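Student: Sharing a structure, written as structure tokens. Questions coming.
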Amino acid sequence: MNRIITKKILSQDVKEFVIESPRIATARHAGQFVIVRANDTGERIPLTIADANPEAGTITLIFQEVGKSTMLMGTFKEGDEFKDVVGPLGKPTHIEKFGTVVCMGGGIGVAPMHPISEAMKAAGNRVITIIGARSKDLLIMENRMKAASTELHISTDDGSYGVHGFVTDILQSLIDKGEKIDLAVAIGPVPMMGAVCKLTKKYDLPTVVSLNPIMVDGTGMCGACRVTVAGKTQFVCVDGPEFDGHQVDFVELVKRQRAYLPQERISREAFQHHEGCCSEK
Ligand code: FES
């Protein structure tokens, strides 16, 4: 159980693990996440389930090495085991036939968008997916997103692939072309989701955002995932992770996300230093 069957490097710092987890593979729905712990003393890391294969009894997890714990996970090899994988957690995405759904994934947010695009398409929607990254080498899951969508568009911030610009530039051009959009879904960095909501609000376009990037312990106990939605405090891990994007206070959210950057940097540097020392031995 919890054994890594395959490991792939998707882009700089982004790794994909297919993990043996038969019960979660059968029970999960689009939008749900698991909590993993690398070892006995490991921090709890919430990761959205990017894919699952109930026949093979496996789930796919994709993560970016941003701090000490994810860097440690990145050193795992095929055959290694996670201490725990708990889930599926969180409310599943509301899937129904809306008509035309635009699914936008930015950076590592493309991974949690994958099961949503797939489920929306399976429910009979016309799914226009827009994926974006800072540059071509950081773009992930292009072929899988193509298969999960009716139509796929790509943007890169530096213009190295697809449209030069942001996912919002492609969304704006779809709106300008007269595309009738019934629902927008966005997952990615908080500023990207904020920008999507600012644009869709102008056109009164219903928008769902997944705030999983701000979760910490995923149990409703640490309080780190507090967010103000429609003037009320919500916990992303318990009440979400998906919310009506037009009701989320993104200004407050961006501020809170920056609160622990210095501590995260110290922890990351300490891990890199330790690993460096060990690998020299
Ligand atoms: S992630 Fe800790 S309370 Fe939600």
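Student: Local charge sum around Pro206 (other residues, Cβ-Cβ under 11 Å, Lys/Arg +1, Asp/Glu -1)? Don't jump to the answer; show the numbers that get you there.
Tutor: Numbers: positive: Lys201; negative: Asp182, Asp204, Asp244.
Charge balance in the 11 Å sphere: -2.
Student: Could you tell me how many degrees, from 0 to 90 and to the nearest 10, lie between the Cα long axis of helix 167-176 and the main elongation axis, the longest principal axis, of the Cα atoms of the chain?
Tutor: With rounding to tens, the tilt is 10 degrees.
Student: How much length would be gained if the chain were fully extended between Glu43 and Lys7, taking 0.36 nm per residue of separation minus their Cα-Cα distance, in nm to one decimal? Mind dumping the intermediate values first?
Tutor: Numbers: separation 36, 0.36 × 36 = 12.96 nm, distance 2.09 nm.
My answer for the length gained is 10.9 nm.
Student: Taking the Cα centroid of the range 1-31 and of the range 138-183, what is the distance between the two, rounded to the nearest whole Å?
Tutor: 25
Student: Calculate, in nm to one decimal, what Asn53 and Asp80 gain on full extension: separation in residues at 0.36 nm each, minus their alpha carbon distance.
Tutor: Details: separation 27, 0.36 × 27 = 9.72 nm, distance 1.96 nm.
Here the segment from Asn53 to Asp80 would lengthen by 7.8 nm.
Student: Nearest 10 degrees is fine. How inclined is helix 261-280 to the longest principal axis of the chain, computing both from alpha carbons?
Tutor: 40
Student: While we're here: Please give every one of the aspartates and glutamates within straight-line cross-link reach of Lys8, meaning a C-alpha to C-alpha distance under 19 Å, and leave out same-chain neighbours fewer than 8 residues apart.
Tutor: Result set, ordered by chain and number: Glu16, Glu20, Asp51, Glu65, Glu78, Asp80, Glu81, Asp137, Glu142.
Student: Here's a follow-up. Can you pull the three principal axis extents for the Cα set of the chain, in Å, largest first?
Tutor: The Cα atoms of the chain stretch 61, 42, 39 Å along the principal axes, largest first.
Student: What lysines could a cross-link reach from Lys255, if we take a straight Cα to Cα line under 27 Å and drop same-chain neighbours fewer than 8 places away?
Tutor: Lys68, Lys91, Lys198, Lys201, Lys202, Lys232
Student: Which of the peptides 61-68, 90-97 is most tightly packed, and how do the rest follow, going by the mean number of other Cβ atoms within 10 Å of each residue?
Tutor: Going from most to least packed, we get 61-68, 90-97.
Student: OK, next. Does anyone have the angle between helix 110-122 and the longest principal axis of the chain? Alpha-carbon axes, 0 to 90°, nearest 10?
Tutor: 50
Every number in this text was worked out from the coordinates using simple rules, so none of it is lab data. Please read all numbers here as calculations on a predicted model, not as lab measurements. A quick note on method: Cβ atoms are made from the backbone with ideal geometry, for glycine too, and the neighbour counts reach across all protein chains shown.
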